[in-house]
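Participant: This is the structure I have questions about; it appears just below.
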Amino acid sequence: MIEIKNISQSYGDFHVLKHINLTIQENKITALIGANGAGKSTLLGVLSRLLVPHEGEVFLDGVDIATMKSKDVAKKLAILKQTNQLHIRITIKELVSFGRFPHSKGRLKDEDYQKIEEAIRYMDLSDIEHKYLDQLSGGQRQRAYIAMILAQDTKYIFLDEPLNNLDMRYAVEMMTILQRMVKELHKTIIVVMHDINFAAAFSDYIIAMKDGEIIEQGEIDYMMDKEKLDHIFDHDFCIAGVNGRKVCIYYNQQTEIVQGENK
Amino acid sequence: MKRHKYIYIFLVISIISALLYVFLWMLTTRYDLFPSDPERRAQMARAIRNITQRKTIQLIAMVVAAVLIASTSLVFQTLTHNRILTPSLIGFDSIFITVQTLIIFLFTSKSLFYTNIYINFFISAGLMIFISMLMYALILRKNRNNLIFLLLVGMILSTLSRSLANFLQTIMNPDEFQSIVIRTEVSVSNMNTGIIIIAIPILIIILGLIVKEIKALDVMTLGESQATGLGVSYQQKMNLHLIYIAVAMSVATAMIGPISFLGLIAVNASRELLKTYRHRELLILSSLIAITFLVLGQTIIVETGYLTTVTVWMSLVGGLYMIYLILKENKA
């Protein structure tokens, strides 16, 4: 279980996170939503010890993450940031092998090779495992990174906007894989995302942030509410029902206002 | 393995160039090395032994410097995620020249600071380490991790100190100026070999420390957040490596003089040949290439009667290679 107690973070005078308290439920996909600059990525960074919070603690299975060794954290928790610009030529298999680093310290044993192969197979990359990353499509590259995270073999997986730069088909495919990972491998996944409909369709729990605070959280049905979403995003939404699922529509822009401003 | 063939090739080449450096003079000398007169023969044997010994020590010095430069350049490029940077950009070369100039300007070339090679070595290496540490502390603490900013400040500082040195050199008397030129040119022939006794342990320690972290360096190529996610304490490792770099570059520069391009050529050539991210192989090959370059260059210069210096031919080749690299990176 991950518990967050009274986390605050600021860049200069700007308070990105304001006294956040949160408990992440296990064995679920939790979506972290909110407008740009709401503090989602910063919260994820603090959760995964990439950022040191100015105040507060993060407890990973009851242990304060700040007191743990980085390599021990890496055995429990894996994170994938949104920008993965690599300037080295590396094959999928080599990339996935990096996932074993916290366990093997770079000396791969039989068990490590087995995990690497499993991860590659799970992400359906076996045919192209010797291809270089720069030869892959965006979707394949994202899958390769997820395979690395899988090879890391952690209970918790944090993903920062994994759907960025993916077209609809790949985005759906990615989310389906994440669902499978939760169901079959019993992972606990936290995903930062923008698209509210993706969050509603594939996650189990939604946490909404605004101006560095958590303003709403709950199950999908509870969260897919016009008033709540309007408040979260400062935007005029329209909630519709499709196939028994709630979908929100956000293109109904106040065209008059925009035109008025242009004049 | 096919990839390792370059390592073997350069191993052979560097051994050949080492042998050439130590023994080639025997073939080209105009003296009869084995005269029939027993007395002269013994004299000659002694001379041969002396020269060989001196050349061997010079060779060791070059090897030590080459390995120090190549390995730290490799690590530096990993830390900066940039293939066309070398640690000399922090300004080790300029600081070295300025220190030498200041010593002679303030204390003349007859002072102990200049004539005693150990004191001189400790002053110049010590100052270089001190200044780079000071820069790390001031710049990196404030702008966490901003290596590029560090380099910018380093470049400004080195330009400034080089201008200062130039200024002092123009108002000096010519004899003193000559002493500076002797000291600040990469010159294996002028170097006092006693320094090796200090440099070898430093090389072994630094190389040991880098090799210990070599797998973590592989992970660090993935970038800070990914490396941290995989359990590498990035910040801490980066600071440590920067200290190794400062020490190694200072020792290498104080030992054989300013030699900017060597690291760039060696590391890039080995990346080009091996096409891998693995530091273990890159470290071995770039060290071998650096040795080859330095030793072979010095051999050629000695055999051509010191027509030029190693720096000149290193800068010529290195400069051309740098232009090629920039053009290539630009295209990609």
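The values are calculated or read from the model by the stated rules, or taken from the named source; none is laboratory data. Quantities reported herein were computed from a predicted structural model and do not represent experimental measurements. Using ideal geometry, Cβ is built from the backbone for each residue, glycine included, and neighbour counts are taken over all protein chains shown. Accessible surface is based on the protein model in full, side chains and every heavy atom, while ligands, DNA and RNA are left aside. Shrake-Rupley method; radii C 1.70, N 1.55, O 1.52, S 1.80 Å.
Participant: Per residue, how much space in cubic angstrom lies within the convex hull of the C-alpha atoms of the stretch A:94-236?
Facilitator: Dividing the Cα hull volume of the stretch A:94-236 by its residues yields 130 Å³.
Participant: Net charge near A:Q82: determine it from the other residues with C-beta under 13 Å of the C-beta of A:Q82, scoring Lys and Arg +1 and Asp and Glu -1.
Facilitator: The answer is +1.
Participant: Could you tell me what percent of the accessible area of the stretch B:1-100 is made up of carbon and sulfur, with a 1.4 Å probe and every protein chain present? Let's see the in-between values first.
Facilitator: Numbers: 3210 of 5020 Å².
Carbon-and-sulfur percentage of accessible area, whole number: 64.
Participant: Of A:I196, B:L203, A:I120, which is farthest along the charge dipole of the protein assembly as shown in the positive direction, counting Lys and Arg as +1 and Asp and Glu as -1 at C-beta?
Facilitator: Farthest along the dipole direction, towards plus: B:L203.
Participant: At most 15 other Cβ atoms within 10 Å and a DSSP loop assignment: could you name the trypsin sites (Lys or Arg not before Pro) in the stretch B:6-56 that fit?
Facilitator: B:R30
Participant: Counting only pairs 8 or more residues apart or on different chains, how many lysine pairs in the stretch B:141-298 have their Cα atoms under 20 Å apart?
Facilitator: Values: B:K142/B:K237; B:K212/B:K237; B:K215/B:K237; B:K215/B:K275.
For the stretch B:141-298, the number of qualifying lysine pairs is 4.
Participant: Also, I was wondering about something else. Percent of alpha carbon pairs in chain A separated by more than 28 Å? Could you put the intermediate results ahead of the total?
Facilitator: On the way: 13299 of 34453 pairs.
Looking at chain A, the distances longer than 28 Å represent 39 percent of pairs.
Participant: Helix-only estimate, please: 222 nm mean residue ellipticity of chain B, summing -39500 (n - 2.57) across DSSP H runs of length 4 or more and dividing by its residues, to the nearest 500.
Facilitator: Here the helix-only value at 222 nm equals -26000 deg cm²/dmol.
Participant: Something else: Residues of the stretch B:16-73: accessible area per residue at 1.4 Å, in Å²?
Facilitator: Accessible area per residue: 58 Å².
Participant: Compute, for A:K69, the solvent-accessible surface of its heavy atoms (probe 1.4 Å) with the complete set of protein chains present, and express it in square angstrom to the nearest 10.
Facilitator: Counting only protein heavy atoms, A:K69 exposes about 130 Å² to solvent.
Participant: Name the lysines eligible as straight-distance cross-link partners of A:K226: C-alpha to C-alpha under 29 Å, and not fewer than 8 places from it in the same chain.
Facilitator: Qualifying lysines at Cα under 29 Å: A:K18, A:K28, A:K40, A:K210, A:K246.
Participant: Apply 1/(1 + (r/R0)^6) to the Cβ-Cβ distance of B:Q235 and A:K18, taking R0 = 22 Å, and write down the FRET efficiency to the nearest 0.05.
Facilitator: Rounded to the nearest 0.05, the efficiency is 0.30.
Participant: If you don't mind, there's one more thing I want to ask. Could you give the dipole magnitude of the protein assembly as shown about its Cα centre, charging the beta-carbon of Lys and Arg +1 and that of Asp and Glu -1, in debye to the nearest 20? Write out the running numbers ahead of the final one.
Facilitator: Values: 58 positive and 52 negative charges, 465 e Å.
Result for the protein assembly as shown is approximately 2240 debye, rounded to the nearest 20.
Participant: Relative contact order, percent, of chain B when contacts are C-alpha pairs under 8 Å separated by at least 6 residues? Mind dumping the intermediate values first?
Facilitator: Values: 391 pairs, mean separation 108.2, N = 332.
Averaging sequence separation for qualifying contacts and normalising by length gives 33 percent for chain B.
Participant: Once phi is turned into ³J(HN,Hα) by the Karplus curve 6.51 cos²θ - 1.76 cosθ + 1.60 with θ = phi - 60°, what whole-Hz value does each residue of the stretch A:31-36 show in order, with x for glycine and proline?
Facilitator: Calculated HN-Hα couplings, in order: 9, 9, 10, x, 5, 4 Hz.
Participant: Under the rule a/c < 1.5 gives rounded, and otherwise a/b versus b/c splits prolate from oblate, where does the stretch B:186-313 land using the Cα gyration tensor?
Facilitator: prolate
Participant: To the nearest 20 Debye, how big is the dipole of chain B about its Cα centre, given +1 on the beta carbon of each Lys and Arg and -1 on that of each Asp and Glu?
Facilitator: 780 debye
Participant: Then there's this: Which percentage, to the nearest 5, of the DSSP beta bridges contained in chain A is antiparallel?
Facilitator: Restricted to chain A, the bridges split so that about 60 percent are antiparallel.
Participant: In chain B, what is the volume of the convex hull around the alpha carbon atoms, normalised per residue and reported in Å³?
Facilitator: It comes to 158 Å³ per residue, whole-number rounded.
Participant: If you don't mind, there's one more thing I want to ask. Find the Cα radius of gyration of the stretch B:270-332, compare it with 2.2 N^0.38 Å by division, and give the number to two decimals. Please report the intermediate quantities before stating the final value.
Facilitator: Values: Rg = 14.3 Å, N = 63, 2.2 N^0.38 = 10.6 Å.
The stretch B:270-332 yields a ratio of 1.35.
Participant: Taking Cα atoms, how many degrees apart are the long axis of helix B:234-256 and the longest axis of chain B, rounded to 10 and kept between 0 and 90?
Facilitator: Approximately 20 degrees, to the nearest 10.
Participant: For the stretch A:22-97, which whole percent of the accessible surface, found with a 1.4 angstrom probe, sits on carbon and sulfur atoms? Intermediate values should be presented prior to the final figure.
Facilitator: On the way: 1470 of 3070 Å².
About 48 percent, which is the carbon plus sulfur part of the accessible surface.
Participant: Now for a separate question. Taking H as built 1.01 Å from N, whose amide H comes closer than 5 Å to the amide H of A:Y132, not counting residues under 5 places away?
Facilitator: Sorted by chain and number, the residues that satisfy this come to none at all.
Participant: Per the 1.4 Å probe, what fraction of the accessible area of the stretch B:112-183, in percent, lies on carbon and sulfur atoms? Please list the in-between numbers first.
Facilitator: On the way: 3100 of 4310 Å².
The nonpolar share, carbon plus sulfur, comes to 72 percent.
Participant: Cα-based Rg (one decimal) and Dmax (whole number) for the protein assembly as shown, in Å?
Facilitator: 30.2, 111
Participant: Can you find, among B:F34, B:L307, B:I9, the residue sitting farthest towards the positive end of the charge dipole of chain B, where Lys and Arg contribute +1 and Asp and Glu -1 at Cβ?
Facilitator: The residue sitting most towards the positive pole is B:I9.
Participant: Compare A:Y122, A:Y113 by solvent-accessible area with a 1.4 Å probe and give them largest first, with all protein chains kept in place. If you can, show how the numbers build up before the last one.
Facilitator: On the way: A:Y122 40, A:Y113 120 Å².
Correct descending sequence by accessible area is A:Y113, A:Y122.
Participant: Please give the solvent-accessible surface of A:H103 in Å², to the nearest 10, using a probe radius of 1.4 Å with every protein chain present.
Facilitator: 60 Å²
Participant: Would you mind giving the total buried accessible surface between chains A and B, with a 1.4 Å probe and ligands, DNA and RNA left out, rounded to the nearest 100 Å²?
Facilitator: What A and B bury together is about 1800 Å².
Participant: Would you compute, from DSSP H runs of 4+ residues alone, the mean residue ellipticity of chain A at 222 nm, taking -39500 (n - 2.57) per run and dividing by the full residue count, rounded to the nearest 500?
Facilitator: For chain A, the value works out to -10500 deg cm²/dmol.
Participant: Additional query: When the Debye formula is applied to the Cα atoms of the stretch B:128-254, each taken as the same point scatterer, what base-10 log of I(q)/I(0) results at q = 0.16, 0.18, 0.21 Å⁻¹?
Facilitator: -0.99, -1.12, -1.27
Participant: Per residue, what accessible area does the stretch A:1-70 have, given a 1.4 Å probe and all protein chains present, in Å²? Walk me through the intermediate numbers first.
Facilitator: Numbers: 3100 Å² over 70 residues.
Per residue, the stretch A:1-70 has an accessible area of 44 Å².
Participant: Here is a further query. Write down, largest first, the equivalent ellipsoid semi-axes of the stretch B:89-135 in whole Å, where each equals the square root of 5 times an eigenvalue of the alpha-carbon gyration tensor.
Facilitator: Numbers: eigenvalues 81, 24, 11 Å².
Gyration-tensor ellipsoid for the stretch B:89-135: 20, 11, 7 Å.
Participant: Then there's this: Might you tell me the accessible area per residue for the stretch B:127-259, computed with a 1.4 Å probe and given in Å²?
Facilitator: Spelled out: the 1.4 Å probe surface of the stretch B:127-259, per residue, equals 44 Å².
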